[in-house]
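Data block below; observations after.
The values are calculated or read from the model by the stated rules, or taken from the named source; none is laboratory data. Remember, predicted model here, so these are calculated numbers, not experimental data. Backbone-built Cβ (ideal geometry, glycine too); neighbour counts: all protein chains shown.
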Amino acid sequence: MRKRKLTIRQKEGIYGYIFIMPFIVGFFAFTSGPLLFSLAGSFTDYNITSRMDFVGVENYASLIGEDGLFRTSLWNTIYYVAFSVPLTTLGAIFISALLNQDVPGLRFFRTLYYLPAVLSGVGVYLLWMQLLEPGTGMVNLLLGWVGIDGPNWLFDPDWTKPSLILMKLWSVGGSMLLYLASMQGVSKSLYEAAEIDGASRWRQFVHITIPMITPVIFFDVVTSLIGGFQIFQEAYIMSGNGEGGPANSLLFYNLYMWNQAFENFDMGYAMAMSWILFVIVFILTVINLKLAPRWVHYEGEDK
Amino acid sequence: MDKPEEKTAYLDEPEKLQTISKTGFFEHRGNRNNMWRLFNFVLLAAGSLLILSPLWWMFATSLKTMAEVMSYPPSFFPKSWEWGNYIRTWQVAPFTTYTINTLTITTLVVIGSVLANSFIAYGFAKIPFRGKNVWFAIVLSTMMIPGFVTLIPQYVLFSKLGWVNTYYPLIVPHFFGSAFYIFLLRQFYMTIPTELIEAAKIEGASHFYIWWKIGLPLTKPALATVAIFSFNGAWNDFLGPLLYLNDENLYTLQLGLAVFKGQLDTQWNYLMAGSLLVLLPVILLFFFFQKYFIQGINLQSGGK
């Protein structure tokens with residue numbers, strides 16, 4: 001009897017591994033194998049046709065010590081992340097808070113605000129290049145209506161990154177839905193209790209809604225930080241096919257890495273870059289995880 | 001084996017997930033809140049005009065003459081509606097080829113994503129085996145790895161395999177699952193009671209049979225979400241085709257559009273017509289299958 005049970009369990013174990021086998025194979029072939037290759041390659045002068053000759057920490061040393069463009073690209077990326085992440089988070093929370101007020105036409109608004117989030121790719125980038133045309137675009141036309149003399153956007157090194165952030169803000173609808181779903185899950189009894197205590201709407205929002213959605217804020221911040229550091233497609237198209245824009249103001253980290261790897265075929269160098277980025281993103285994620293218990297509020301069982 | 005009543009009962013769960021309740025928490029306060037609701041409504045309406053205006057602008061620009069595109073100040077409504085811009089756009093670049101290529105890739109990517117992720121998720125959700133938690137942690141941790149770290153070695157791998165300038169690098173990896181979809185489908189499988197699978201096993205069904213005959217049909221709504229998301233991803237992918245495709249006959253719509261921009265530079269009427277044509281399938285898909293988009297988001301937030 002006992003023996004039989006064991007074989008059933010073993011059978012289940014085999015089945016389990018058969019079912020997750022595609023992932024395991026993919027993980028070794030497309031993720032962990034490549035990770036090891038790129039870690040090893042980052043200490044070589046590999047250029048895809050050559051042998052891999054060990055060069056020690058030369059790639060890392062020249063990236064950190066000498067390469068001005070590396071610093072520019074890192075700065076550009078940090079600038080972009082530092083503004084786009086908080087702005088899109090606040091924007092998404094703001095819109096979902098409005099939608100969470102029992103307004104008429106909720107479904108209609110929800111659909112509209114979400115729509116831009118599903119649109120991406122070259123069509124959208126071209127659209128924003130046209131919208132941001134200084135003389136004939138829509139953005140400066142609208143700004144003109146309220147008396148603002150709009151900047152030169154993608155032609156002015158100081159305004160190229162704000163241009164991309166503006167485009168990102170257009171599509172906050174994706175995380176807006178996350179927040180809305182989470183806000184609608186907050187127990188009504190909490191608000192009723194606050195009501196009885198005479199708490200104002202604002203105090204209810206700050207002391208009930210915000211704490212209850214902190215897990216989603218945390219998730220959104222972590223994923224958009226990781227995503228923000230990887231900005232590439234937008235910059236590639238909007239800076240004129242990878243050239244980096246005026247005064248290299250759109251030369252983001254991944255764009256520079258792309259040019260090193262696939263334009264100059266300096267792959268060892270590019271792989272060293274990719275590991276520096278990996279370490280930066282990893283450290284930021286760990287910091288986020290460490291800080292989380294201080295402000296993220298996990299409710300055991302509400303609803 | 002087939003238990004129709006039970007099936008519908010389980011299908012109810014995801015339906016509940018995707019319906020966002022219309023009841024706000026202030027409704028019981030009565031009329032004095034009407035002003036507040038009106039204020040919110042006006043803000044939201046103004047906001048939706050801002051959200052929609054870029055799309056209208058794209059449509060309007062696509063119908064303008066080049067002279068009107070360049071005229072100052074620009075106008076929200078085209079003076080003459082040049083529908084011929086669309087025909088000319090389609091003729092200037094081989095958009096028919098691009099469309100066929102894109103559809104080929106997206107179809108195979110969708111099939112691969114749906115089958116592989118469902119298969120893997122079933123394993124994680126419904127079969128007990130040793131090391132499951134470790135492997136699931138690995139699945140989740142792959143979400144944290146910046147794509148560019150593996151991009152270069154993957155390119156080396158695929159070029160050694162002779163796959164550059166073919167569709168294989170754009171399709172094959174999708175047949176091995178990806179963390180986000182595995183997570184999403186596992187969440188969904190968790191809502192299916194294990195008793196149903198136990199019952200099938202007692203009747204002698206293998207896990208393959210159960211996955212194919214019970215798992216797939218019961219998770220249809222979640223599979224629709226995966227299908228739509230992966231369609232969207234493949235349709236909008238620019239980086240992959242840019243890296244792997246050199247032959248213009250193999251170009252996708254995204255790549256074609258970028259080349260088109262290079263050729264036309266600032267002929268915005270044609271560029272906007274082309275962009276709109278490329279975005280249109282996604283817009284239509286969104287309006288018809290909206291609930292699956294929203295369900296995907298909700299499944300995501302439910303697990304966090």
Taking the stretch B:48-78 and the residues there that are at the interface with chain A (Cβ under 7 Å from one of its Cβ atoms) and not hydrophobic (A, V, I, L, M, F, W, C), the one that is nearest to residue A:105 (Cα to Cα) would be B:48
Would you call residue A:74 more than 10 Å from chain B (Cβ to nearest Cβ), in a helix (DSSP H, G or I), crowded, with 18+ Cβ neighbours inside 10 Å and in contact with a helix residue (DSSP H, G or I) (Cβ under 8 Å, 6 or more places away or on another chain)?
-> yes
Has the stretch A:123-130 got at least one residue that is under 15 Å from residue A:178 (Cβ atoms) and assigned by TED's automatic domain parsing to the domain that holds residue A:222?
no
| query | Of the residues that make up the stretch B:106-114, is at least one part of a helix (DSSP H, G or I) and more than 15 Å from residue B:226 (Cβ to Cβ)? | reply | no
Here the residues within the stretch B:168-213 that are hydrophobic (A, V, I, L, M, F, W, C) and not in a helix (DSSP H, G or I) are B:190, B:192, B:205
When the stretch A:119-139 is checked residue by residue, the ones that are surrounded by fewer than 23 Cβ atoms within 10 Å (Cβ to Cβ), within 7 Å of chain B (Cβ to nearest Cβ) and in contact (Cβ under 8 Å) with a residue 24 or more places away in the chain are A:119, A:120
Note: among B:192, B:197, just one is crowded, with 18+ Cβ neighbours inside 10 Å, more than 12 Å from chain A (Cβ to nearest Cβ) and more than 30 Å from residue B:238 (Cα to Cα), namely B:192
Exactly one of B:127, B:100 is on the phi < 0 side of the Ramachandran plot and either away from chain A (no Cβ under 11 Å) or at pLDDT 95 or above (or both), and that residue is B:100
Screening A:94, A:28, A:23 for residues that are within 12 Å of chain B (Cβ to nearest Cβ) and over 20 Å from residue B:149 (Cβ atoms) leaves only A:94
When the stretch B:230-263 is checked residue by residue, the ones that are within 10 Å of another protein chain (Cβ to nearest Cβ) and hydrophobic (A, V, I, L, M, F, W, C) are B:235, B:238, B:239, B:242, B:243, B:253, B:255, B:257, B:258, B:259, B:260
Going through (1) part of a helix (DSSP H, G or I); (2) more than 21 Å from residue A:129 (Cα to Cα); (3) more than 11 Å from every other protein chain (Cβ to nearest Cβ) one by one, residue A:247 fails only at (2)
